[in-house]
Amino acid sequence: MTSLLVANIGELVTNSRALGDGSALGVCRDAALVVDSGRVSWVGPRADAPAADARLDVAGAAVLPGFVDSHSHLVFTGDRAREFSSRMSGRPYSAGGIQITVAATRNAPDDVLAANVARLVAEMVAQGTTTVEIKSGYGLTVPDEARCLAIARQFTPETTFLGAHVVPSEFADDPAGYVELVTGAMLTGAAPSAKWIDVFCEEGAFDADQAMAVLSAGKAAGLQPRVHANQLRHGPGVTVACEVGAASADHCTHLTDADVDNLRGAGVVATLLPGAEFSTRSAYPDARRLLEAGVAVALATDCNPGSSYTTSMPWCIALAVREMHMSVEEALWSATAGGAAALRRDDVGTLSIGSRADFTVLAAPSYVHLAYRPGVPLVAETYQRGQRIA
Ligand code: NIG
Ligand code: FE
């Protein structure tokens with residue numbers, strides 16, 4: 001494999017304190033970076049850059065680690081635009097709309113589902129995402145969950161079994177029977193294509209005992225837990241996530257002080273999904289409280305056809321800054337290194353020596369433009385393992 005010199009970087013974000021200005025973003029100005037065999041092999045002042053087989057001159061642009069979108073639901077078909085527009089006319093969000101996508105997904109052949117995932121992943125990559133987590137959860141039968149995960153696996157190793165998304169209508173009178181199915185045959189079918197197990201722990205979905213049963217069964221099958229927690233109202237999701245040793249508690253919109261302490265104490269990442277609050281017109285999570293308490297925060301899109309139909313990490317950064325009072329630096333860290341922490345990955349989300357060479361070149365001189373110029377397509381190029389993918 002040939003080496004690549006990325007030359008003339010105006011502002012390089014490494015997420016490594018040791019490499020840059022001493023901040024969490026590890027910013028190096030007037031820098032260069034060398035990629036060898038898909039990994040970062042050298043970072044330093046551009047004047048000292050060594051020779052390499054190939055050269056990419058970014059003409060003073062900002063270069064950032066690729067975004068790590070640690071929460072998405074991409075395996076589905078159809079959309080719920082009408083539900084969105086009626087919400088914008090005053091109807092509240094209810095997780096019940098999930099059943100509509102479940103019906104559409106069950107009826108869709110594999111190639112249709114795979115084409116939809118490919119379309120959404122291409123959108124993500126064009127907007128700078130280089131690592132994505134993809135959940136199942138719109139199949140909710142043994143064969144449909146298995147095939148949704150097999151399709152997700154074609155696109156990423158970060159696949160999550162979310163059979164416990166909601167109780168499907170055919171089990172409306174027997175939720176215990178559905179939990180038995182999820183923890184039994186459905187888990188067996190899903191496990192070969194899944195790394196993670198997730199549960200929507202929320203009133204109207206799964207309670208604490210059911211969530212614990214699902215996550216414990218998943219752990220016993222070799223999957224690692226993560227939880228949809230405290231999205232629509234206060235509930236036991238965060239407690240469950242901390243108790244089970246989840247990598248991440250996602251949403252975290254309604255927290256008590258005890259939840260915040262618990263997240264910090266247990267080292268569980270709080271993954272905030274501001275696209276969901278935007279698209280359901282609800283109050284945003286209190287990011288400042290989490291950050292000031294020392295909880296690690298990740299940002300992700302939650303891309304799904306119901307509550308957050310966006311693939312754009314730059315837009316989530318802009319929302320986090322404007323609506324959740326995160327600094328631009330905090331938001332960028334959360335969308336890169338924070339997402340990597342939520343997936344327990346130490347090879348992505350940073351550009352230090354040995355990191356995977358996943359990076360974006362912005363059509364802008366600074367990462368600040370991501371929030372300063374919201375809605376503008378600022379990602380000029382996306383590289384994964386040193387190869388241009390968009
Ligand atoms: O993360 N919270 C549960 N699941 C999704 C919503 C899915 C849907 O509405 O289709 C979420 O917001
Ligand atoms: Fe979600």
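Values quoted throughout were computed directly from the atomic coordinates according to the rules given, and no laboratory measurement underlies them. Just so it is clear, the model here is predicted, and its values are computed rather than measured. No Cβ is skipped: glycine too gets one built from the backbone with ideal geometry, and neighbour counts run over all protein chains shown.
Observations on the model:
- Spatial separation of Cα centroids for the range 126-145 and the range 179-219, in angstrom: 15 Å
- For Thr301, the residues whose amide H sits under 5 Å from its own are Ser70, His71, ignoring neighbours fewer than 5 places away on the same chain, with H placed 1.01 Å from N.
- Rounded tilt (10° steps) of 313-324 against the dominant C-alpha axis of the chain: 80 degrees
- Three-way shape call for the range 105-257 based on the alpha-carbon gyration tensor, with the a/c threshold at 1.5: oblate
- Rounded tilt (10° steps) of 110-126 against the dominant C-alpha axis of the chain: 40 degrees
- Acute angle (nearest 10 degrees) that the helix 208-220 long axis makes with the longest principal axis of the chain, alpha-carbon atoms: 60 degrees
- Residue order, fewest to most surrounding Cβ atoms within 10 angstrom, among Ser366, Ser248: Ser366, Ser248
- Build a GNM of the chain with springs between Cα atoms under 10 Å apart, and of Ser16, Ser37, Ser89 the one that fluctuates most is Ser89.
- Karplus (6.51, -1.76, 1.60) ³J(HN,Hα), θ = phi - 60°, over the range 238-246, in Hz, Gly and Pro reported as x: 5, 4, 4, 4, 6, 5, 8, x, 5
- Max mean-square fluctuation residue, GNM over the chain, Cα-Cα springs under 10 Å, options Pro175, Pro285, Pro109: Pro109
- Per-peptide average of other Cβ atoms within 10 Å, ordering 306-312, 2-8, 47-53 highest first: 306-312, 2-8, 47-53
- Net charge of Cβ neighbours under 11 Å - reference Gly10; Lys, Arg +1; Asp, Glu -1: 0
- Fluctuation leader among Met88, Met124, Met313 - the chain, Gaussian network, Cα springs under 10 angstrom: Met88
- Counted by neighbouring Cβ atoms within 10 Å, the residues Leu181, Leu343, Leu290, Leu64 run from fewest to most as Leu181, Leu290, Leu64, Leu343.
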